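Engineer: I am attaching a structure below and will ask some questions about it afterwards.
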Amino acid sequence: MNIVYHARVIKAVAVRDFKIRITYIPWIMNSLLQPIAWTLILVYAYRSIMGPGSSEALAAHGWAGDPVGFLILGQVLLSLFNALNWRAGMAIQRERWYGTLELILQAPASRIAVLAGSSLFGLVDAGWASFLSALAVIALTGATFNVADPLAAVASILLAAVGALSMGIGLAGLYVLTRSAGPIAVAIQHPTRFFTGSSFPLTILPAVLQYVGYAIPLTYGLEAVRRTMLQGAGLGDVGPLLYRLLLLSIASTMLGVAMVRWAEGVARRNGWLHTF
Amino acid sequence: MYTIEAEGLEKEYRIGLLSKRRVKALRGVSLRIQKGTLYSLLGPNGAGKTTLVKILATLLIPDAGWARVAGFDVAREAVEVRKRVGVVLGGERALYWRLTGWSNLWFFSQLYGIPPAEARRRIRELIELVGLQGWEHVRVENYSKGMKQRLHIARGLLNDPEVLLLDEPTIGLDPAAAREVRGLIRRIVAEGRTVLLTTHYMAEAEELSDRVGIISGGRIIAEGSPGEVKKIIGGRMVLVSLTGPPGEASRLAALLGARARSIDRVTTIEAVVEDEEEFIDKVLGEALRRGLRVRRVEVREPSLEEAFIKLTGGPR
């Protein structure tokens, strides 16, 4: 009974988010066009600065393969994280903006089911936009890929999406505690772009900064996807990356869930639920 | 049998994250509400009404004291309380404006675990109860304030609650819409539910309530049926209408510790007094001395509003 109840809550939240989402056509257009624009900016920046030698420059950092494909995969996965940062991360906070947070928390439904519903919709919503924008940029730039093990590529993409989702859930607990969630969410996007190596090989950074990058689940996802789709790597090659990605994703999700629960308790004790 | 019981509830808020400033919202509130009755909680702004409602709705944890709703402790058995309580918080928000009324109700019905077929039946019934037929598939952003408030009430009734907590349900509504909501509340009580209503509107409380409680400064300072509360303050209401030199009647009211209300050039001095004859003599004597003309003298039972003002020390 409980599982059916939780499943219905998850579905209801996801359907509600979908119904609200489709009333904002400019947002939908933006989520499609922004990754395309950003990727093209990066591709032309690389081409203008490095010229035809960009492949060699990347290869020197261990990334043999098409540099355009390297950028597309980085930008698309980063866009997926950004979308989930706003959808899963803001799942609870958004209710505060709507003025419905107290009613959601007054209902007997599991908060985690509510968070899961919003995250699920976020994943689907961000996923199709990222996929279509990636196809558009590939068509526009003629990027080439080298996939030797399709299963490894699919597993890497799925786990990278799980990693991005886990980061969104991890941030949900932080966002619910503050009235400045919007600016914080914006501020988080740029360090993520930098530390995950979405636009350049992470090895170009000083070692100490690389450690920061490898504390972020998305970094492993990006690396696994690039290795399987640009360098023909198989599951055996990216296994350790995916294993670490999975562990970090579980840790991030558990942290987010614990934070949301803790934040609700703090807010109920202090009377912060209604504050906007 | 009491459906709502509270004993010694206390709640203090900290103002700001780092500030040491604190505001005591409740100072030992005790309350008992019988099953199937409507209890109105009256109080000036900041008296603690909403804090009390939120504690009973499990949205706030009290610092001290305890409360039970439908037999369950609001702090330790919050989920059981939530299953049995409907909450309607005042204001226009707290609905998804980009969704239709039906979609709003459907969403919340699923949060309460109502099976789909039953949810559809229940939503149809509630749409009819609150008179939103024909509007259920229109986005809420197109509703009037009164329609939104009726949708709020429908949402509060989705889980067929034993207890309905209504926090200022008629605030901001025009008289016709407020009247519709009051009619709806009457029907809800007639169904046997227990209703706790907070309101600023005394006439509303007087019209609807089995019992009223007056809360001020975080304490319940008077409680009983509307008639009993009016009697608590004792005395009779005296109203003397005067005309004459501008400002003179107001100065006279101040001198006698009474209230003055002016409409056009007529000022009415009003006070709840123990000895109405003595008060009238005083007013008439002073009025004569100040060149004021007496237009009307009225003596009657004080209204709930007058009792409220006397008990809470006047409007804030």
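Engineer: If the elastic network links every pair of Cα atoms under 10 Å, which of A:ALA129, A:ALA207, A:ALA160 fluctuates the most in the Gaussian network model of chain A?
Structural biologist: Comparing A:ALA129, A:ALA207, A:ALA160 in a Gaussian network model of chain A, the most mobile one is A:ALA207.
Engineer: When the solvent-accessible surface of protein heavy atoms is calculated with a 1.4 angstrom probe, in what order do B:GLU270, B:GLU7 fall, highest first?
Structural biologist: B:GLU7, B:GLU270
Engineer: Next up: Determine the calculated [θ] at 222 nm for chain A from helices alone, applying -39500 (n - 2.57) to every DSSP H run no shorter than 4 residues and normalising by the residue count; nearest 500 deg cm²/dmol.
Structural biologist: -26500 deg cm²/dmol
Engineer: Short version: which residues of the range A:79-128 lose at least 30 Å² of accessible area, all chains versus chain alone, 1.4 Å probe?
Structural biologist: Residues meeting the cut-off: A:TYR98, A:GLY99, A:THR100, A:GLU102, A:LEU103, A:ILE104, A:GLN106, A:ALA107, A:PRO108.
Engineer: Additional query: How about A:LYS19: which aspartates and glutamates have a C-alpha closer than 20 Å to its C-alpha, ignoring those fewer than 8 places off in the same chain?
Structural biologist: A:GLU95, A:ASP125, B:GLU136, B:GLU141
Engineer: Please build a GNM for chain A, connecting alpha carbons under 10 Å apart, and tell me which residue among A:VAL154, A:VAL68, A:VAL137 fluctuates the most.
Structural biologist: A:VAL154
Engineer: Of all accessible surface on chain A at a 1.4 Å probe, what whole percent is carbon and sulfur?
Structural biologist: Result for chain A: 73 percent of the exposed heavy-atom area is carbon or sulfur.
Engineer: With a 1.4 Å probe and every protein chain left in place, work out the accessible area per residue of the protein assembly as shown in Å², rounded to a whole number.
Structural biologist: Here the per-residue accessible area is 44 Å².
Engineer: Roughly what % antiparallel, to the nearest 5, for the DSSP beta bridges in the protein assembly as shown? Walk me through the numbers on the way to the answer.
Structural biologist: Working: 42 of 60 bridges.
Approximately 70 percent, going by the DSSP bridge assignments.
Engineer: Still on this structure, I have one more. Do any chymotrypsin sites (Phe, Trp or Tyr not before Pro) in the range A:17-57 lie in a loop, going by DSSP, with at most 12 other beta-carbon atoms within 10 Å of their beta carbon, and if so which?
Structural biologist: Within the range A:17-57, the qualifying chymotrypsin sites (Phe, Trp or Tyr not before Pro) (loop, at most 12 other Cβ atoms within 10 Å) are A:TYR24.
Engineer: For the Cα atoms of chain A, what angle does the longest principal axis make with the long axis of helix A:25-50, in degrees from 0 to 90, nearest 10?
Structural biologist: Taking Cα atoms only, the helix is inclined about 30 degrees.
Engineer: What's the center-to-center distance, using Cα atoms, between the range A:176-222 and the range A:16-62 in Å?
Structural biologist: Computed from Cα coordinates, the inter-centre distance equals 17 Å.
Engineer: Let me ask another. Among A:ILE36, A:ILE188, A:ILE216, which one shows the highest mean-square fluctuation when chain A is modelled as a Gaussian network with alpha-carbon springs under 10 Å?
Structural biologist: Result for chain A, Cα springs under 10 Å: A:ILE188 fluctuates most.
Engineer: Using Cα pairs closer than 8 Å and at least 6 residues apart in sequence, work out the relative contact order for chain A, in percent.
Structural biologist: Here the relative contact order equals 27 percent.
Engineer: Which aspartates and glutamates, if any, have their Cα less than 15 Å from the Cα of B:LYS20, not counting same-chain residues under 8 positions apart?
Structural biologist: Result set, ordered by chain and number: B:GLU12.
Engineer: When the scattering of the range A:97-161 is computed by the Debye formula from its Cα atoms alone, each counted once and equally, what is log10 I(q)/I(0) at q = 0.20, 0.22, 0.26 Å⁻¹?
Structural biologist: -0.93, -1.03, -1.18
Engineer: Follow-up question, since we're still on this one. Pairing the Cα long axis of helix B:116-129 with the longest principal axis of chain B, what angle in degrees results, from 0 to 90 and rounded to the nearest 10?
Structural biologist: Orientation of helix B:116-129: about 20 degrees from the principal axis.
Engineer: With a 1.4 Å probe and every protein chain kept in, tell me what percent of the accessible surface of the range B:109-223 is carbon plus sulfur. Each step should come with its number before you reach the end.
Structural biologist: On the way: 2090 of 4500 Å².
After summing per-atom areas, the C and S share lands at 46 percent.
Engineer: Given a 1.4 Å probe and no ligands, DNA or RNA in the count, how much accessible surface is buried by A and B, both sides, to the nearest 100 Å²?
Structural biologist: Summed over both sides, the interface buries about 3100 Å².
Engineer: Here is a further query. Under the classification rounded if a/c is under 1.5, otherwise prolate if a/b is larger than b/c and oblate if not, where does chain B fall, given a ≥ b ≥ c as square roots of the Cα gyration tensor eigenvalues?
Structural biologist: In terms of gyration-tensor shape, prolate.
Engineer: Exceeding 19 Å between C-alpha atoms, which entries from my cross-link table qualify? They are B:LYS231/B:LYS282; B:LYS11/B:LYS35; B:LYS11/B:LYS310; B:LYS11/B:LYS230; B:LYS35/B:LYS83. Mind showing how you got there, number by number?
Structural biologist: Values: B:LYS231/B:LYS282 24 Å; B:LYS11/B:LYS35 26 Å; B:LYS11/B:LYS310 26 Å; B:LYS11/B:LYS230 29 Å; B:LYS35/B:LYS83 17 Å.
Over 19 Å apart, Cα to Cα: B:LYS231/B:LYS282; B:LYS11/B:LYS35; B:LYS11/B:LYS310; B:LYS11/B:LYS230.
Engineer: Still on this structure, please answer the following. Given the DSSP H assignment, sum -39500 (n - 2.57) over each helix run of at least 4 residues in chain B and divide by its residue total; what's the result at 222 nm in deg cm²/dmol, nearest 500?
Structural biologist: Counting only the DSSP helices, I get -10500 deg cm²/dmol.
The values are calculated or read from the model by the stated rules, or taken from the named source; none is laboratory data. Please read all numbers here as calculations on a predicted model, not as lab measurements. When we count neighbours, we look across all protein chains shown, and the Cβ atoms used for this are built from the backbone with ideal geometry, even at glycine. Remember, those area values only see protein heavy atoms, side chains included, never the ligands or the DNA or RNA. Shrake-Rupley method; radii C 1.70, N 1.55, O 1.52, S 1.80 Å.
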